[in-house]
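Notes follow the structure.
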Amino acid sequence: QVQLVESGGGLVQPGGSLRLSCAASGPIFSIFTMGWYHQVPGKQRELVASITSGGDTNYADSVTGRFTISRDNTKNTVYLQMNNLKPDDSAVYYCNANGEYASGAFIRKFDSWGQGTQVTVSS
């Protein structure tokens, strides 16, 4: 199975910056899309940003111009640079990746989630 491990969350003042990282490990054959989602209590998990293996990106309107998603395919890692953070950005941020992994003589699909990392924007 493919596992995702996130890092980089924490407490930051409004206007500050944070960089989240998410590394995928396991018998990975290929990774298609990697993305970041956030969730606040009582609400559904929402897409923040995603990036394909070819580098095409997609952002939620609320973060366009402030957040940048990137990935290092050699390290199976995706990053989220978050600038000019606002209190409304406070949430648990989850990494997601989908692709294919090797299972014995077979190639199977995966869609994995990280454990989540808390981002709190407050003065």
With Cβ to Cβ distances under 11 Å as the rule, what net charge do the other residues near Ser30 carry (K, R +1; D, E -1)?
-> 0
Provide the solvent-accessible area of Ser123, counting protein heavy atoms only and rolling a 1.4 Å probe, rounded to the nearest 10 Å².
-> 130
Equivalent ellipsoid, the chain (semi-axes from 5 times Cα gyration tensor eigenvalues, Å) = 27, 14, 12
Full extension between Asn83 and Thr120 adds, at 0.36 nm per residue less the Cα distance, a length in nm of 12.0 nm
Around Ser90, which amide H atoms from residues at least 5 apart in sequence, or from another chain, sit under 5 Å from its own amide H, with H modelled in the peptide plane?
-> Val121
What FRET efficiency comes out for the pair Ala105/Ser7, r = Cβ-Cβ distance, R0 = 35 Å, nearest 0.05?
-> 0.55
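The values are calculated or read from the model by the stated rules, or taken from the named source; none is laboratory data. Nothing here was measured: the structure is a model prediction, and the numbers come from that model. All Cβ positions, glycine included, derive from the backbone under ideal geometry; neighbour counts span all protein chains shown. Just the protein is used for accessible areas: all its heavy atoms, side chains included, with ligands, DNA and RNA removed. Shrake-Rupley method; radii C 1.70, N 1.55, O 1.52, S 1.80 Å.
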